[in-house]
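Have a look at the structure below before the remarks.
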DNA sequence: AACATAAATGATATATTATAACATTACAAG
DNA sequence: CTTGTAATGTTATAATATATCATTTATGTT
Ligand SMILES: [Zn+2]
Ligand SMILES: [Zn+2]
Ligand SMILES: [Zn+2]
Ligand SMILES: [Zn+2]
């Protein structure tokens, strides 16, 4: 029941190979359509993020890149991560200064996360735009929310008027 | 009209002296009640944050502290800011790595913000716990939301079971 | 008051996260 | 083949945050 209404993934056991494959294919297809270069470096960084539903810091990503022989200096990791975030293949978890692969490729969404402070697992919840209600997803998965923060970036009225 | 239904403050002109006074008094009262030390340093940091509805980085706070002769090393600022955040007198804006005074003292709330990327003004919107809908406040103030992120910290089911 | 304890602050050093700036390579359009 | 553009390589440094230990200040107890 719960698994049919809730779209969350990460706390529950699931075929993670499908997550990975689906995300890579979605990125490939999107880049094709939009004439973006899904280079080996960018693909590798996405694969690294997709290994787990867990957020990785840029330097952790960099270490794994180095092991793979694909770059060894911070800008390499940050640039690939920026690309992935910019095009929605990954998200930055601000409170962790870390990055996670998008768990909802193909679906237009505003990112909303439940972050376990013990195991660092990050679950992405489905959400439309400016309206959020995590309580349903939280109780469906047994996640106990302790603290929530919503941050909306945009342009305020007076700044908009100046332009 | 809008100003009566919307509780947001910061984009609109208002008696900011009241904001400041109210916040300081609320912090004083709360510390009294809870036997917390509202020391000169902590008070000064709150006053610094209260000067504007804008987020300040820890090092900006530190500079102002130094000018006031109240401390000159990073831990001084970070400790005072932690105290303020821990007790709800201020919030951290994660996407800016910066801190803002709470605009809703006395009201139990989960922080929700609208952050102008041009003028860096931070407006705190009233919100209950895990349910958010900024669209009403946004349209009331003429803020155009470009991107929204919700991050909930807590403990997941399997970690809870271990304890 | 004298003492013990805990909390806050001072100070030094260092860790972590992120970007600026410029050189080089890869590749496509003209 | 040149010219422009995007991506990557490389070096250096900026910005944010914390660990650790010393010192001072507040609090509670005898
Ligand atoms: Zn998965
Ligand atoms: Zn996503
Ligand atoms: Zn105000
Ligand atoms: Zn607040």
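Build a GNM of chain A with springs between Cα atoms under 10 Å: which of A:131, A:72, A:110 gets the top mean-square fluctuation?
Fluctuation is largest for A:131.
Rounded to the nearest 500, what is the protein assembly as shown's calculated 222 nm mean residue ellipticity when only DSSP H runs of at least 4 contribute -39500 (n - 2.57) each, over all residues? Mind showing how you got there, number by number?
On the way: 14 runs with 140 residues, N = 326.
The per-residue figure over the protein assembly as shown is -12500 deg cm²/dmol.
Order of A:84, B:41, B:36 from fewest to most other C-beta atoms within 10 Å?
With the fewest neighbours first, A:84, B:41, B:36 line up as B:36, B:41, A:84.
According to a simple spin-label model (label point 7 Å from Cα along Cα-to-Cβ), what is the distance in nm between residue B:47 and residue B:86?
2.3
State whether the protein assembly as shown is rounded, prolate or oblate according to the following rule on the C-alpha gyration tensor (a ≥ b ≥ c being the square roots of its eigenvalues): a/c under 1.5 gives rounded; otherwise a/b larger than b/c gives prolate, and the remaining case gives oblate.
prolate
What FRET efficiency do you get for residue A:136 and residue B:63 if R0 is 41 Å and r is their Cβ-Cβ distance, rounded to the nearest 0.05?
Computed FRET efficiency for residue A:136 and residue B:63: 0.35.
Can you put B:107, A:93, A:115, B:145 in order, fewest other beta carbons within 10 Å first?
B:107, B:145, A:93, A:115
Taking other Cβ within 10 Å of each residue's Cβ, how do B:123, B:45, B:85 sort, fewest first? Mind showing how you got there, number by number?
Details: B:123 26, B:45 31, B:85 16.
Least to most surrounded, the residues fall as B:85, B:123, B:45.
Give, to the nearest whole percent, the P(r) tail of chain B beyond 19 angstrom, counting all Cα pairs.
58
For chain A, what does the relative contact order come out to in percent, with C-alpha contacts under 8 Å and a separation of six or more?
Taking the mean separation of contacting Cα pairs over the length of chain A, I get 24 percent.
Between residue B:147 and residue A:126, what FRET efficiency comes out of the Förster formula 1/(1 + (r/R0)^6) with R0 = 22 Å and r the beta carbon distance, rounded to 0.05?
So, using R0 = 22 Å, E works out to roughly 0.85.
Throughout, read-outs are computed from the coordinates displayed, never taken from laboratory work. Keep in mind that this is a model prediction, so the values were computed, not measured. Every residue, glycine as well, gets a Cβ built from its backbone with ideal geometry; the counts of neighbours run over all protein chains shown.
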